[in-house]
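Comments concern the structure below.
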Amino acid sequence: MDGVSEHHAWQVAPVPGASDRPDCTHLDEAPEPPATAARRGCEDCLRAGSSWVHLLECLVCGHQGCCDSSPGKHAYAHAHATAGHDLARTLKRGEDWAWCYADELFLRPSG
C-alpha cells in the first residue's frame, strides 16, 4: 500500500551513543495494527479546512492526523486526548517508523 507496510510489530529504535535501551510501555496497545485506509488527509484539518505537512496514523484506531510540524498537530492531540492511543506511524511514502507519544520514543518495525 503506497510503500507503507500494513502489518508488523514495532520495537524501540536504539539511540546512537546511549548506554541503555529505553523501553516503550505502550507497544501492547496495538498488537495488530489496523489496515491502512486510503490516505485522505488529516481528518481534523479536513473538517476545519486547514492544511498539514505530513500525516501520521494511530496504530490503535487508524485515525489520520497531522504531524507536529503542522499547525494543528492533530496526531499529537489525538494521542493525548484518547486514552490508550499513544502509538502512531508515519504515512509518508518511503518511510517506515512510528512514535510513542507517551514515552517519547522512536519506533522501527521489528524483524
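Computed from the coordinates by the stated procedures, all read-outs in this text should not be read as laboratory data. Just so it is clear, the model here is predicted, and its values are computed rather than measured. Here the Cβ positions follow ideal geometry from the backbone for every residue, glycine too, while neighbour counts run over all protein chains shown.
Some notes on this structure:
- Matching option when the condition is of a type outside the set (Val, Ile, Thr), in contact with a Gly (Cβ under 9 Å, 6 or more places away or on another chain), surrounded by 14 or more Cβ atoms within 10 Å (Cβ to Cβ) and farther than 14 Å from VAL12 by Cβ, among LEU91, LEU56: LEU56
- Test: residue in segment 31-53 that is of a type outside the set (Gly, Ala, Ser), within 23 Å of GLN11 (Cα to Cα), in contact with a helix residue (DSSP H, G or I) (Cβ under 8 Å, 6 or more places away or on another chain) and not in a strand (DSSP E or B): no
- The residue of segment 72-88 that is surrounded by the fewest Cβ atoms within 10 Å (Cβ to Cβ), among those that are in a loop (DSSP other than H, G, I, E, B) and at negative phi, is ALA83.
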